[in-house]
Structures are given as C-alpha cells and as structure tokens.
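Have a look at the structure below before the remarks.
The values are calculated or read from the model by the stated rules, or taken from the named source; none is laboratory data. This structure is a prediction, so every number in the text was calculated from the model and none was measured. Neighbour counts run over all protein chains shown; Cβ positions are idealised from the backbone, glycine included.
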Amino acid sequence: MTLPARAPGLADALAGVSIAGLLLPEAVAYAGIAGLPPQAGVIALFAGLLVYGVLGASRFAIVSATSSSAAVLLAATTSMAGPPPPVHHALATGIVLLTGAFFCIAALARFGAVSNLIAKPVLRGFALGLAFTIVVRQLPHVVNVQPLHADLPRFAWELAAQWRDWNGPGLAMAAAALAFMRLLARWRMAPAALIVIMAGIALDATGWCARWGIAAVGAIHLDFSSPGIPSLPRAQWLRLGELAFAMALILYAESYGSIRTLAMRHGDAVRPDRDLLALGAANVLSAVFQGMPVGAGYSASAANEVAGARSRAAGLVACATVGAAVWGLLPWIERTPGPLLAAIVIHAVGRTLDPRSLQPYFEWRRDRLIALLALGAVLLLGVLDGLLLAIAASLLMLLRDMASPRVSWLGQLARTRDYVDTARHPEAWVPPGLLIARPEAPLFFGNAEPVFAAILARLASEPRPTGVVLSLEESADLDASSIEALCDFAAQARRRGIPLVLARVKDPVRDVLGRVDAKALPELPRTAWSVDDAVRLLAAQAPARPSDP
C-alpha cells in the first residue's frame, strides 16, 4: 500500500525543524575555523536562511556558513600582517561585505557562469587538501595544545611533538562523538550533531568537563541593535577587494555546484544570476551585523533534500527554529564543550576527506597534475595561496593548450562525404595537391598566427599545391587578431596563386567576415558550408580532378 505524500507545507515544516538541529552546531563550529567569535556563525546562519529563502531560486539549497569559506576567510585575514583580534574581525567583516558586493555586481552583469573558470580537478584537489587542513587544525581544540607556527607542515609536526601534553579526556570525548555521529549517519533524519551537543551540555552542567580541563564555547553575544560597516583605510579596502574576489569565486563555485547537482537530480531549472543576487544580498546582510560569509554548502543542502523539503519555505522554517532555540537556550549553548564542536567539524568535512575523489582523473589520464597541484598547494602554501596558485596554473595550462598550433590534415573516407584526420585514419583519401586543414582549437589572438604559419609551412612543402580548404568548425567567433591573421594568410595564398575556401563557417563568423574589406578577403572563401562542398567548389574551378574513390 502506498502512503499518501505529505502536503508541501507540512513537508517543509518538518524538514526545516530537522535541519535546524544540524545547522546551529555547525554555525558555531565554523566560526571557530574562521577565528571569529561564535556569534559570527549564528548571525551568518540567520542572514543566509532568511535572504535566500526570500530571494533564492533553488528549493533545496541551504545558505549558511561553510567550512571552506571559513577556512578561506581565516587565511585571508591572517595574510594581512596578523592584526589584533578587533581589527581581525573588522577585516573579516570587510571581506564578507565586498564578497556580497561582488556577487551583486556579477548578478547585474549576468556573470552566472563565472564559476566555470575553476576546473573541477582544481576543486577536487582543493576540497581534499582543505578537508585535511581543517581536520588537523581542529585537533588543538580537542587535545588542548596550541602549536606556534601557522603553516600546516610545521603546525602538524609541533602538534605531534606535544603528544605528552595532550588532554586525554578531551580526545576521548571527541572520539566518542565522532563514533556516535558516524553510527547515526545511516539515518539521515537523525540530528546527530544536536544530540552530541545536548550530551556535552549535560556533562558540562555536572562539572565533569571542568574537572578534566575541557573548556566550553563561552559567551555568545548576539547584538542586532547596531548594524554597520567597518572603518578601514582605503589601502586596506583595496587589499580586501583582492581577497574578497578569491572568496567570491570559490564560494560561488561551491554553491553553484550544490545547486546545480540538486536541480539536475529533480529536473528543476537553474537560475544562476538570481542565485548570485541572493548570495550577494545574504553576504551583505551578514557583514552588516559582523557575520561570516555564507554559501550553499552541499552537505546542508543535501540534508534538506533528504529531510523532505519541497520549497524554499523549509529554509525559512529552519531560520525560525534556530531563532527560537537561540532565544530560549543561548545560556545552555554557551556551555558546549570545545572538543565536541571540533568533532562536529571533523565529521562534517570527513565526507570530502577521501583520496578516491581524484581516482577518475588517473583512470582517464586527464588533469592529474592539476588535481595534485591543487592538493599540494593547499597543504604547503595554505588555503588561500594554494587555491589561487591552482586556479592560475589551470588557466595557464588551458591557454597553453589553446595557443598550441595544432592543425589536423583531413582526408575523405571511402564511399562517404566525411572528412577525418589522416594521421589517425591513413586510409582516408586526399585529392592530389589539395590541403584540407582544420585547427584543433578555436582561433584567438594567442594561436591564430602560429596556426596559419603551420599551414603555410605545409603549403611550402607541397610541390604543386592546387588549393587549400580551411575548416573553421572549432571557432564559434573570431577576434580582431584572428581576422587579421586570416586576411594575411589569404593574401599570401593569392600571391602564390593558390585558391582558398573556408568551410564549416558558423554564422557569427560569417557575420564578422561580412564586415571585412572585400580586397582583404574576397567573397569566395566563405561560400562553403561543409568540407565536402569546399572540395567540390575547388574541383569545379580546376581544369581537371582525379576521380573520387
């Protein structure tokens, strides 16, 4: 017998209440990752849930503080000479504010696909390195020791060297919490983090934590009475803008990846520009009240989906539930033991601490170096510098591949009108003296001249060239440098008396070539729609042509 489906309103209410038990402990824990007071995470949670619930497009996305944005925020603020804590918080607020502003500008400019600038192998390597970094940096909160050095290799070494000073009860508490949450992970509806927090509060209330030297979270000061933006020098704002751009890029890549994955699973439409605006407004609101950056993390959004959410109302219910919990239970939340918050963070990022996520790149033999570079850069250089280096390296490798003058020489398959690369299909037939060239990358300013130089070199090696067909099927458009290079090539072909025909020319390219001076590029070279048509066109002009296969 099939049970009746729950009404959308009831489903959203149950989902919102369910995920609130996950979001509140994680918000407090992620504030610790960012080096900010606990209220920064709670404020960010309110801002993300409220604004995205009103303005967002995805019915499953949960916008709140995320572990990756918290780690990037800490790396960004500490990179600015390590100021005292009040200024540190002001710098963090400035980054969050500018991140929101970048999102809003990108939404107005319709840059919804900007996250595609970060290759998936970079994100996989970054996520793996980030997860390992977060886990290692949570251990001092568990064992109550603090290494002096900030870079991860020496940080981990000092942490291990102080093993005699580790707090055993804190380590046991965190290990028990991790085991419990892992056990409950098979029941996704179970609020494992909330149960762990409640047990920890009960232990602290009995005095057990104080006897064993386990510190609690401490005071959480929520003050919404004095919104504002930090007062910083102009030079600092400029530097914060550079850091906020990197924050916006990684935060949107993470958020859009979560939103797109859930939308594809349910056949929902994706509206990236609207989501950019919602994320921008949420980050601005969070910054105004000194909160953390927010994004649509996959774990919270997936938990919302599993809990049965039907619309964005689930996020608004979660916001109201968190508000009620904070309003009535804040003194108890302040008594949460520190090792339990660390355990919640480790459990949350543990899902991405899996080297097998890089396995497909080794099986496919594609982008292995980029993935490993992202992983190593994060571990050795830090979260922010490692991410920027990996992004820069991936873009440089893309430009290198696009700028390489790779040209295929085509021939006709027997009894077909198909033209293929003769290097891979030596049986393909090429009319004597005819060269059929196909650049294997879109023509642009970085590769146009080398590509045409390679074609001219091949022409020079032909004893009696009868014509050239240039297939532009890879080029959806042409920039000015490519047009100039094409005109120069056409002029050299005319001086040698070699006919030239362009094939597979897309409409945008035809439009731009139509505006080129006819003396530089006569009408004939852009009349063929296919390679076969171009070959036949040249054959019609020639005095004779050998019979086709």
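Could you tell me how many of the residues in region 176-198 are in contact (Cβ under 8 Å) with a residue 12 or more places away in the chain and within 17 Å of Val142 (Cβ to Cβ)?
Qualifying residue count, region 176-198: 8.
Return yes or no: is Ala403 closer than 28 Å to Ala454 by Cβ, surrounded by fewer than 17 Cβ atoms within 10 Å (Cβ to Cβ) and touching a Pro at 6+ places or on another chain (Cβ under 6 Å)?
Spelling it out, it is not the case that Ala403 is closer than 28 Å to Ala454 by Cβ, surrounded by fewer than 17 Cβ atoms within 10 Å (Cβ to Cβ) and touching a Pro at 6+ places or on another chain (Cβ under 6 Å).
Quick one: Ala309 ticks every box in (1) assigned to a helix (DSSP H, G or I); (2) buried (at least 16 other Cβ atoms within 10 Å of the Cβ); (3) of a type outside the set (D, E, K, R) bar one, so which box is it?
Result: Ala309 fails condition (1) only.
Here is a check on your reading of the model: is Arg351 at positive phi and either touching a Lys or Arg at 6+ places or on another chain (Cβ under 7 Å) or assigned by TED's automatic domain parsing to the domain that holds Leu243 (or both)?
For Arg351, the condition - at positive phi and either touching a Lys or Arg at 6+ places or on another chain (Cβ under 7 Å) or assigned by TED's automatic domain parsing to the domain that holds Leu243 (or both) - is not met.
Residue-by-condition table, conditions (1) assigned by TED's automatic domain parsing to the domain that holds Thr133; (2) within 17 Å of Phe126 (Cα to Cα); (3) among the hydroxyl-bearing types (Ser, Thr, Tyr); (4) in contact with a Ser or Thr (Cβ under 9 Å, 6 or more places away or on another chain):
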site: Gly382; (1), (2), (3), (4): yes, yes, no, yes
site: Ala393; (1), (2), (3), (4): yes, yes, no, no
site: Asp421; (1), (2), (3), (4): no, no, no, yes
site: Ala428; (1), (2), (3), (4): no, no, no, yes
site: Arg458; (1), (2), (3), (4): no, no, no, no
site: Ser461; (1), (2), (3), (4): no, no, yes, no
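Quick one: in region 222-272, which of the residues that are of a type in the set (Lys, Arg) and more than 13 Å from the chain's Cα centre (by Cα) is modelled with the lowest pLDDT?
Only one residue tops the list, namely Arg265.
Give the residue, chosen from Ala281, Ala320, Ala325, Ala314, that is surrounded by 23 or more Cβ atoms within 10 Å (Cβ to Cβ) and touching a residue at least 24 places away in the same chain (Cβ under 8 Å).
Ala314
Of the residues Met173, Met181, Met264, which single one is farther than 30 Å from Thr78 by Cβ and of a type in the set (A, V, I, L, M, F, W, C)?
Matching residue, one of Met173, Met181, Met264: Met264.
Checking Ala300 against (1) at pLDDT 90 or above; (2) crowded, with 21+ Cβ neighbours inside 10 Å; (3) closer than 23 Å to Ala192 by Cα; (4) not β-branched (Val, Ile, Thr), which test does it fail?
(1)
The conditions are (1) touching an Asp or Glu at 6+ places or on another chain (Cβ under 8 Å); (2) among the small types (Gly, Ala, Ser); (3) at pLDDT 90 or above, and Ser68 fails exactly one of them. Which is it?
Failed condition: (3).
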